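Heads up, the thing below is written out as structure tokens.
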Amino acid sequence: MLDIDKFLGLERVDEWTFSSSQLWGAPATANAFGGQLVALSLGAAFKTVPDNYIARSLHTQFMDCVDKTRMATFKVQDNAPGSRIVSRTVQCFQDERLAMQTVCSFIAQKAQDFQA
């Protein structure tokens, strides 16, 4: 089985902060792939919600490029704590510069939701 954290290089810094220096991009540019940054943001947000929650929606806005040769930091903010639906904002920084922001919502799954 694939260990997604190891694959993406996502590391916990503290309860609400994560980082990765394992960024990928095309050989001809210093820019990191946007899809990987979205995956890292979603992964960081997932680490702040209970295990029985699944992603419900996601919206990402890119403000600046991320250099694949330098570490990116992902700061998670709890927007709307709830019992069934929760929301997180993840901001990606590089050298204290905001490069992208992702808003994710998650919904709690009940055991019967998984029964066939």
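In whole Å, what are the Cα extents of the range 34-101 along the three principal axes, biggest one first?
Ordered largest first, the range 34-101 gives principal extents of 38, 18, 17 Å.
On a 0 to 90 degree scale, rounded to 10, what angle separates helix 34-46 from the longest Cα axis of the chain?
So the inclination is approximately 40 degrees.
State the Cα centre-to-centre distance between the range 74-89 and the range 43-70 in whole Å.
12 Å
Calculate the spin-label point distance for Asp3 paired with Asp78, positioning each point 7 Å from the Cα along the beta-carbon direction, and give it in nanometres.
Result: 2.8 nm between the two label points.
Give me the Kirkwood hydrodynamic radius of the chain, using the inverse of the mean 1/r over all pairs of distinct Cα atoms, in Å to one decimal. Display every interim value, and only then the final one.
Values: mean 1/r = 0.0678 Å⁻¹.
Result for the chain, one decimal place: 14.7 Å.
Can you work out ³J(HN,Hα) from phi for every residue in the range 88-94, in order, using Karplus 6.51 cos²θ - 1.76 cosθ + 1.60 and θ = phi - 60°, giving whole Hz and x for Gly and Pro?
Per residue, the Karplus-derived 3J(HN,Hα) values read 10, 10, 10, 10, 9, 10, 9 Hz.
Please report the relative contact order for the chain, taking Cα pairs under 8 Å with a sequence separation of at least 6, and give it as a percent rounded to a whole number.
On the way: 223 pairs, mean separation 30.2, N = 116.
Here the relative contact order equals 26 percent.
Go through Ser105, Ser83 and list them by solvent-accessible area, largest first, probe radius 1.4 Å. Write out the running numbers ahead of the final one.
On the way: Ser105 15, Ser83 105 Å².
Ranked list, largest accessible area first: Ser83, Ser105.
The values are calculated or read from the model by the stated rules, or taken from the named source; none is laboratory data. This is a predicted model, so every value here is computed, not measured. When we count neighbours, we look across all protein chains shown, and the Cβ atoms used for this are built from the backbone with ideal geometry, even at glycine. Ligands, DNA and RNA are stripped out before the accessible areas are found, and what is left, the full protein with its side chains, is counted by its heavy atoms. Shrake-Rupley method; radii C 1.70, N 1.55, O 1.52, S 1.80 Å.
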